[in-house]
Every structure is written in structure tokens, then in C-alpha cells.
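Everything below concerns the one structure shown next.
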Amino acid sequence: MNTPSIAPLLALVVASLAAPLTLAEEQSASEDSRRKSRATLRLTDVSGKTHAPFESKQSLGVALIFVSNTCPIANTFQPTLQELGAKWQERGIPFYLVYSSDRLSAGDIRTHVKDFKIQVPAIPDRSQKLARLTEAKVTPEAIVIDREGRIRYRGLINNLYAGYGKKRVRATQHFLNDACESVANGTVVKVPSTKPLGCFIQYAGK
Amino acid sequence: MNRFLFCTLLLLNFASAGEPAKVDFATHIAPIVHSKCSMCHRQGQPGPFELLSYDDVRERGLTIQAVIHDRYMPPWKPVNEDVEFAHDRRLTKAEIRLIDEWIDAEMPAGDLSRVKAPDYSSGWALGKPDAILKMNGRFMVPASGRDVYRSFVFEADFPEDKWVKAVELRPTARGAVHHALFFVDTSGEARSRDGQDGKAGLSGMSFLRQGGDRQRGSLRTRSGSSSTSGVRGLGGYVPGAMPNKLPGDLALPLPKGGDIVMQTHFHPSGKVEYEQAELALYFADRPPARQIVPIQLPPLFGRLAGIDVPAGESDFEIRESFTLPVDVEAVQISGHAHYICREMELTATLPGGTKIDMLSIDDWDLDWQDNYQFREPVMLPAGTRLDARLMYDNSAENPENPHSPPRRIKWGRESTDEMGSVTLQVVAKRSSDRIKLQQATRQLITRSFSKAVPRGTDRARGGNIRGQILDGRLIQLLDRNKDGKLQKTEIPQRLQERFLSIGDTNNDNVIDEQEIKRALSALGGTR
């Protein structure tokens, strides 16, 4: 009596196993492949030097900071980024500034590096591969990646800006530095994401 | 329009009614961007990037969308709608909707050959200037750190009186300049203090002789004071503001030999920048038939308005009222305050009871201090009451609070102190009424002095300050170096704060002759 009614159900289960992945599954699979790509990150800076931070056992993580040469909010943070970059380079979390735009030439980036006395490696991302890999949307946006390629923090560098045109005299919360601290200590990042504020990254072809 | 064309258009309209209208850059977006953004977002102007071509705008599409919805761009602080302003940069709701639709449609270009870029070939927005002055010295703006306030001198040195229709600034530290205000200095003091600390310019504003310039120029004595509220301004500069020529034959005086001083506010931009601005001047051919009279409420940038905001207080208010003694035409309006001011408004109540919102700013921002010219002069009859109100938020919730945790904030010239006033620039409808109007604005200052020193309250504290200041002999006694001024060191310690708070209107720790005279007359003395 029961047998005939189970058969179609079974068929359905079998069919669903063979069927293409659902959207959610597909996304998690591509996120998994992105994670793996992030764990084997290779970056070429504007002077042509290649960086493979996770090949060094000393690297506890990596901070990618999406920046722009013309975004005033991103530019305001350059002195802070040089300070943090120098500090965390020594403590095993190298910083990289990523310029994700198909309109920026190497010459534009070199001019920016010179004007803003940038010490942190400047990475051109004309193909916007790095932006896609990390789903960055804004400049400045900080993304801290651990050795497994997991994104442990994304968002603001600190709370200097409370909104467009709303600048504090000084920052009182230092999200990026705190996240690096946690990744370096192997503890949980207390604030794993904040909403970045600045200029939007324009994805090519969109 | 001929009827045939009209019918064709009507038909076309019907034909396209079924499908949503296509928004493209060439047809819809370029005209908005070119009229509201490009004057500032172009080469040589303070906008951080250009917004002229399709590629410029497409690259920034999402950012543009974010900042226009935030009302951060185009920068325009007034929200009042009773009056119309000239060169209003606000986007209309329809314009914002068009931009939204364009971005949703993935920013199509349209027929780019039809785009006509605005002509900026002359360089200066108002065309060829009558004179171009260069700032004395070059000032280094650091890459980071606190905001910098500094004043710079432009040696004007004209051999005769000039009448200024407009000024236009071309700063070199474009990323760092957030605003500048221009003042005339006829005392030569700014020039003599320029560069004394080893850097171009001077700190603070103490060169301003409030209401009492030493008379180097002849203009002042001939035509009477034009600075009844104490400061002779020549307007200001904020990124994004188009310079305006004063309407009609109106012009502001620049007495012969006078210098122009630019008080500048810099925001470090992330890189070292150097400021050595050029200032273009546009003159009128002849003196105006009628002169502009500034009505500053409260006067002296709120010096005597009791600005003393307790830490944590989020709704601290100051008010000032002034009744017009004569018929006037209001030409333009501006405000001044520092970081913690949140709201600022000036309302005119006409004798019949009609209220006109002349200026209303609900989210004051120190960075965008503009001077707003009315599209048409606003007629205000005698008996109109002007009410100014400024609100300060000294709570920790105010992100622009310069102190964390909040601290008590009083009136002062540092940017972390506060000031506050709204200035309405008017002309008396009948030129013969000007003197009466100026007298009334002077009386307002006098009343403010009197209110600041209530009668009798000082005796209990061991000294009748009113009496002591009134007593010219006391000043003679204290003036040990006999220079006619009271230096801080000459004032007994227990009286220093009170004396300086009353007499030292320009905050330079000296009560000079003009300040003594002013204090004496304000406190009811006749000498």
C-alpha cells in the first residue's frame, strides 16, 4: 500500500541529488573557491615586484586596503595607513593598497605613491580580480584575511568619519587595528564588519 | 510653436507612453552635471575629481548617487523655501530621480556627439578680473593632524578707494582649503604681523579692530563706517560656491592702502600641500548710490551672547532680535559658527505678522560657510523684527564635537571654541535712512555690552566692575607703560578675566584705545 507512494518520492530525492546546485550552494562553492584563492594570494605591485604573503610562515594574515587616487576620504587616511602598515608589517600582517579601476594607469598610481609618500606596496587591480575576490565595494575599504583565506574583517579603517562631511577631530574606534590585533593573537575579531564610507568602486562592464 | 509641430510632439509622446522613457547621459544627465557639478569638479577647481565627460561621471556613478541622496553634494546648506537664492545648486527631486533611473539602467551614454561641455576657457568664473593679487608668502599645510586656521595677507595697496563687486579665489592647496573669509585691514597690523612666527601668514584674527579701524584710508571718514557690526568683510570662499557679483550698483568698500586678509580653514588632505592663493578682484566703476549695511545677530560673532555650552548639553540656544528702524532691501545672508553649532536661522516678522524664513540651516557644517545672495532683493519694511536663533550640540553624540569626552565650550577664536551669528546684508531703501540704520545696529552692540554686565551684580564679588571701567582714572592708574592700552599684565590678577571678557573684544589680551572707548560708551558713560 505504501510502496507505490514512496517510489515517486525516492525518484525526486535521486533527481535532486543529480540536479545542478541551487543558487545558495553555488554561492557557497564559489565562496569556497574564492577563499582558496585568497589563501594563496599573489600580488604584483606597481613597480613589478611580486608578493606572495602566505608563502612566508611569518604571515599571520594580510590586510588589503582598497583605495583610490582621487577619493578625498580614502586620501585622508593615507598617513594613518602608512603608520598601520609599518606597524603590522613587523607583526606579521602585511598591508597592501589596492587600486581597483580599469581607468587608472601605472603612471597615475606612481604619482599618487609619490604625492602621498606611500610606503605600503601599491597594487594595481585593473582587471578588478582582487575586488571580486574580496567583494570590495568602496574606497577606502579594509579587508583582513587570515592564512586560511577567511575574511576576518571588512569595512572602515576607523571611525574618523561619521558620514559624508561628518569628520571627527580624531578617531575614537580603531576597527582595522583592532581586527589585526585579534588575528595576530588568534582571538575572535569583536567587530568583524562595519559599513565602509567613501567612493564606490565602479566595476567595469557595469 | 506651430500647431503641426505640437501635434507631432503629442503623437510622439503617445507613441512612447507604453514603454519607460530611456534616460541617457547625453540627453538627461550631462545638463544636470554641467550646471550643478562641473564648475567645481574640473581642472584647477577644488573638486577632488573631474565631472565633465561621460567616462568621468560613469566612473563615479554610484558615489554620485550616494552623496546626492545624502544631500552632501552639491554642497548647499539652507533648507528654507520662503526666499529664492541666486545660483541655488540644490538638485531638484526630479533631477535626483533621473540620476537614479540612469544608474539603474546601467548608465547608458546616448549620443555623446550631442553633449556640449561648458566653456571654462577664461579660467576665472566671472571673466577677466580688474586686479589679481597674490598671497604674501607660501604656507605649508601638513599631510595630517588637526585642522589649521590661519590668516594671510594680500597687499592691495591701491592708491585710491576701490569698490568691490566680487572676489574670486584660486587656492593652490586645493585639496586642503575648506573655506576662506576675506576681510579688509586698514590698520596695517596684519601686514606687520605677517610671518612673525616664521611661517607665512598669522594666527588668529586679532588684527580686526572691531568697529574702530585706525583710519589709514580716507574712505572711512568720508562715507562713514560700513562695518557697523565690527567686521568689514569682502565675502568668502567655499569650494563649490560660484562667486557672485553684487546686484545693481552695490559694491563693498576697499579703502585706499588697505590690505585684504584671508582667514583660511584647512583640512589636512593626506598629503603635504602648499598654499599661495591668487585673488581676483572685480570693481565697480563708481561708488554705489546706496551702501550695504550688515546686520549681525547676535553682533560681534556672538561675543556677548553668553555662549557657554555645558559638556553634554545637546540643545543650547542663543537668540537675538532686532527691529528695523527703516525700510530695507535684503541682499544676501550668511552665518558663522564652529563645530558644535547644529541649527541656525533668521526669521523676519513683518509689521503685519507675516513671517519670512530668511535663512534656515538644520545641519550646520563649518566646512560650507557660504554667502547666500537672494535672487531678488527681499523688501523688509520698517518695523520688521529679525529673530536669529542658533542651537549648539555639545553632546558626545555629535560626531563633530571637537572634544571627546565633551568639555564646556565657551566663546572664543579657536576652532574648538564657539562663535555664532547670522549676518543679513541690507541696503536702506532711501539712502538718507542709512545713518539711522547704522545707529540702530550700533545701539544693538551697546545693549549687548550692557546685558553682558548686569548692574549691581559685581559688588557682591568684591568689586564694582562697571564703576571701575567707567572710571577713566583707574585705567590711567593701571596703564603703567602709558601706551594708552591695558595689557593683560597691567590688570590685577583678580580682575583680569572680567576686564578682558568685557573690554577685549578681539581677544588679543590687550584692551586698546578703541576697546576702552567702546566699553566706556557701552556702559553708559558719555565720554
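The values are calculated or read from the model by the stated rules, or taken from the named source; none is laboratory data. Values in this document were obtained by computation on a predicted structure and should not be read as measured data. A quick note on method: Cβ atoms are made from the backbone with ideal geometry, for glycine too, and the neighbour counts reach across all protein chains shown. Just the protein is used for accessible areas: all its heavy atoms, side chains included, with ligands, DNA and RNA removed. Shrake-Rupley method; radii C 1.70, N 1.55, O 1.52, S 1.80 Å.
Can you give me the number of residues within the range A:127-142 that are within 22 Å of B:Ile64 (Cα to Cα), away from every other protein chain (no Cβ under 13 Å) and open to solvent by 30 Å² or more (accessible area, probe 1.4 Å)?
Matching residues across the range A:127-142 total 2.
Give me the residue from the range B:40-51 that is touching a helix residue (DSSP H, G or I) at 6+ places or on another chain (Cβ under 8 Å) and open to solvent by 40 Å² or more (accessible area, probe 1.4 Å) and, out of that set, farthest from the other protein chains (Cβ to nearest Cβ).
B:Glu50
Being crowded, with 20+ Cβ neighbours inside 10 Å, outside any strand (DSSP E or B) and either modelled with pLDDT of 90 or more or charged (D, E, K, R) (or both) narrows it down to one residue among B:Ala166, B:Ala156; which is it? Don't jump to the end; show me each part of the working.
Values: B:Ala166 fails: outside any strand (DSSP E or B).
It is B:Ala156.
Go through (1) in the same structural domain as B:Met379 (by TED's automatic domain parsing); (2) crowded, with 22+ Cβ neighbours inside 10 Å and name the single condition B:Asp315 misses.
(2)
Of all residues in the range B:267-291, how many are open to solvent by less than 10 Å² (accessible area, probe 1.4 Å) and closer than 26 Å to B:Gln373 by Cβ?
So the answer is 5.
Can you confirm whether the range B:320-329 contains a residue that is closer than 19 Å to B:Val79 by Cα, modelled with pLDDT of 95 or more and not basic (Lys, Arg)? Step through it out loud before you land on a result.
Here is the first cut: in the range B:320-329, the residues closer than 19 Å to B:Val79 by Cα are none.
Checked the range B:320-329: no residue is closer than 19 Å to B:Val79 by Cα, modelled with pLDDT of 95 or more and not basic (Lys, Arg).
Considering only the range A:147-203, state which residues are assigned to a loop (DSSP other than H, G, I, E, B), facing another protein chain (nearest Cβ under 9 Å) and of a type in the set (Phe, Trp, Tyr).
Hit for the range A:147-203 is A:Tyr164, nothing else.
Looking at B:Leu474, B:Leu478, which is the one that is at pLDDT below 70, open to solvent by 20 Å² or more (accessible area, probe 1.4 Å) and either within 25 Å of B:Gly233 (Cβ to Cβ) or not assigned by TED's automatic domain parsing to the domain that holds B:Leu304 (or both)?
Checking each option against the conditions leaves just B:Leu474.
Would you confirm, using the coordinates I've provided, whether B:Lys116 is open to solvent by 30 Å² or more (accessible area, probe 1.4 Å) and over 30 Å from B:His336 (Cβ atoms)? Give the steps one after another, and end with the answer.
On the way: open to solvent by 30 Å² or more (accessible area, probe 1.4 Å): yes; over 30 Å from B:His336 (Cβ atoms): yes.
Yes.
What helices (runs of 4 or more DSSP H) completely inside the range A:72-120 contain at least 3 residues that are modelled with pLDDT of 95 or more and away from chain B (no Cβ under 14 Å)?
Values: elements: A:72-76, A:78-90, A:106-115.
In the range A:72-120, A:78-90, A:106-115 are the helices (runs of 4 or more DSSP H) which contain 3 or more residues that are modelled with pLDDT of 95 or more and away from chain B (no Cβ under 14 Å).
Quick grid of which residues meet (1) on the phi < 0 side of the Ramachandran plot; (2) open to solvent by 20 Å² or more (accessible area, probe 1.4 Å); (3) touching a strand residue (DSSP E or B) at 6+ places or on another chain (Cβ under 6 Å); (4) touching a residue at least 12 places away in the same chain (Cβ under 8 Å):
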{"position": "B:Ile340", "(1), (2), (3), (4)": "yes, no, yes, yes"}
{"position": "B:Leu350", "(1), (2), (3), (4)": "yes, yes, no, yes"}
{"position": "B:Tyr372", "(1), (2), (3), (4)": "yes, no, yes, yes"}
{"position": "B:Glu376", "(1), (2), (3), (4)": "yes, yes, no, yes"}
{"position": "B:Thr384", "(1), (2), (3), (4)": "yes, no, yes, yes"}
{"position": "B:Leu390", "(1), (2), (3), (4)": "yes, no, yes, yes"}
{"position": "B:Asn401", "(1), (2), (3), (4)": "yes, no, no, yes"}
{"position": "B:Arg407", "(1), (2), (3), (4)": "yes, yes, no, yes"}
{"position": "B:Ala428", "(1), (2), (3), (4)": "yes, no, yes, yes"}
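In this structure, is A:Ile123 surrounded by 15 or more Cβ atoms within 10 Å (Cβ to Cβ), away from chain B (no Cβ under 14 Å), in contact (Cβ under 8 Å) with a residue 12 or more places away in the chain and of a type outside the set (Phe, Trp, Tyr)?
Values: surrounded by 15 or more Cβ atoms within 10 Å (Cβ to Cβ): yes; away from chain B (no Cβ under 14 Å): yes; in contact (Cβ under 8 Å) with a residue 12 or more places away in the chain: yes; of a type outside the set (Phe, Trp, Tyr): yes.
The answer is yes for A:Ile123.
Looking at (1) at pLDDT below 95; (2) surrounded by fewer than 22 Cβ atoms within 10 Å (Cβ to Cβ); (3) within 14 Å of chain A (Cβ to nearest Cβ), which is the one condition that is false for B:Ser395?
(1)
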